[in-house]
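Right, one structure below, let's go through it.
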Amino acid sequence: MDKPYISFVVTGRNDDYGHRFLYRIQRFTDNLIYLCEKYRLPSELIFVEWNPPKDKEKLYKALKIKNNRKFLKVRFIEVSKEIHDKFKTSEKMPLLEFLGKNSGMRRAQGEFIVFTNPDIIFSEEMIRFFSQRKLKKKIFYRANRYDLSIDIPTEMKTSDVEKFCRKSWDFCWSAYFGRYHRGIKIIPDLPRLFARLLIKMTKDKSYLRYHGGSPGDFMLLSSEEVMNFRGYPEMNVHGGMDGYVSIQAVSSGNKLKILKEKTYHQSHGPAGERPLPNMENYTRDAKKMLNEKRAIIYNDENWGLKEFSLKEKEL
């Protein structure tokens with residue numbers, strides 16, 4: 001394989017998170033392999049398996065990964081329970097998502113890095129666009145997320161999954177407009193959408209302009225930029241860090257670009273109670289970064305578990 005043009009970085013564990021998590025991971029993986037091979041995209045999927053449960057198979061064994069791949073390399077990086085237990089919130093949070101993603105980004109080999117989640121379905125037009133190698137440094141790429149309210153049928157062929165997603169999405173998380181429903185259900189959303197449109201038209205530079213629409217499911221930057229601001233702030237929380245990265249990226253001189261190409265999010269249950277960052281601190285820091293046009297660097301040089309030798313399995 002050539003050196004990866006893109007590294008896709010995700011994290012998770014075999015714990016049935018949300019709803020049929022292993023099935024959703026399998027669909028995510030199958031779709032990505034199918035499209036990267038179809039469009040001959042030199043790439044890698046880095047799966048950081050954080051604190052794997054003792055009573056379940058590890059993901060590299062539980063997932064069915066096609067062997068006859070020429071363009072997508074699949075790497076599993078394991079963060080052991082012993083490492084997990086070193087962190088303050090280890091008893092309350094079995095998976096430290098952002099530390100996991102940082103560990104993958106720190107070890108990524110691609111020219112560009114996609115921060116995403118293992119239940120996302122990339123559209124064919126998205127991977128086709130990547131294969132054209134038109135991505136530019138100093139651009140912060142985002143994409144709207146279209147959520148499914150029903151499961152992808154078990155018997156469905158991978159080549160038919162996107163067609164199903166296009167017909168079955170129920171609501172969209174838009175980078176500019178936030179969440180809105182499909183079809184006639186959009187009517188109650190119209191006042192809020194109008195308010196967000198005003199923000200866009202007036203070119204308001206508030207932090208709301210950059211972090212709306214659940215950005216954590218798709219964020220793309222050059223690996224050089226990711227290394228400059230050292231990934232997600234490592235704050236021992238389980239949400240909200242995508243907002244920080246959005247502001248860090250823009251404050252570092254990366255122009256925000258919303259791709260027209262779609263991503264789809266597979267249906268699952270509520271995530272449960274999760275510790276979130278202090279919003280007062282976030283608002284203060286976001287305004288400071290945007291006003292000064294300089295990112296705050298939260299992590300030290302050992303970010304992404306640099307000091308640990310992590311087990312790796314390549315398939």
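The values are calculated or read from the model by the stated rules, or taken from the named source; none is laboratory data. Just so we're clear, the structure is a prediction, and the values are computed from it rather than from any experiment. Note that each Cβ is placed from the backbone with ideal geometry, even for glycine, and that neighbours are counted across all protein chains shown. These area figures cover heavy atoms from the full protein model, side chains too; ligands, DNA and RNA do not enter into them. Shrake-Rupley method; radii C 1.70, N 1.55, O 1.52, S 1.80 Å.
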- request: With respect to Tyr146, determine if the residue is assigned to a loop (DSSP other than H, G, I, E, B) and under 18 Å from the mean Cα position of the chain (by Cα).
  value: no
message: Conditions first: (1) out of contact with any Phe, Trp or Tyr (no Cβ under 6 Å at 6 or more places or on another chain); (2) closer than 30 Å to Met235 by Cβ; (3) surrounded by fewer than 22 Cβ atoms within 10 Å (Cβ to Cβ). Ile77 passes all but one, so which condition is the exception?
response: (3)
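Give region 177-189 a look and list any residue that's surrounded by 11 or more Cβ atoms within 10 Å (Cβ to Cβ) and of a type outside the set (Phe, Trp, Tyr), or say none.
Here is the first cut: in region 177-189, the residues surrounded by 11 or more Cβ atoms within 10 Å (Cβ to Cβ) are 177-182, 185-186, 189.
Within region 177-189, Gly178, Arg179, His181, Arg182, Lys185, Ile186, Asp189 meet the criteria.
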- request: Considering only region 94-121, state which residues are more than 21 Å from Tyr176 (Cβ to Cβ), open to solvent by less than 40 Å² (accessible area, probe 1.4 Å) and outside any loop (DSSP other than H, G, I, E, B).
  value: Glu97, Phe98, Leu99, Gly100, Lys101, Asn102, Ser103, Gly104, Met105, Phe112, Ile113, Ile121
- prompt: For region 137-153, what are the residues that are among the basic types (Lys, Arg) and surrounded by fewer than 21 Cβ atoms within 10 Å (Cβ to Cβ)?
  reply: Lys137, Lys138
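Would you mind stating whether Leu198 is of a type in the set (A, V, I, L, M), modelled with pLDDT of 90 or more and out of contact with any helix residue (DSSP H, G or I) (no Cβ under 8 Å at 6 or more places or on another chain)? Don't jump to the end; show me each part of the working.
Numbers: of a type in the set (A, V, I, L, M): yes; modelled with pLDDT of 90 or more: no; out of contact with any helix residue (DSSP H, G or I) (no Cβ under 8 Å at 6 or more places or on another chain): yes.
Judged against the criteria, Leu198 is not a match.
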message: Just to be sure before I move on: is Leu256 under 29 Å from Leu135 (Cβ atoms) and surrounded by fewer than 17 Cβ atoms within 10 Å (Cβ to Cβ) in the structure I sent?
response: yes
Tabulated pairs, region 282-293, first touching a residue at least 60 places away in the same chain (Cβ under 8 Å), second among the charged types (D, E, K, R), C-beta under 9 angstrom, 6+ apart or interchain: Leu290/Lys205
field: Set Glu57, Glu91, Glu82: member being in a loop (DSSP other than H, G, I, E, B), without any contact (Cβ under 8 Å) to a residue 24 or more places away in the chain and of a type outside the set (Phe, Trp, Tyr)
entry: Glu91
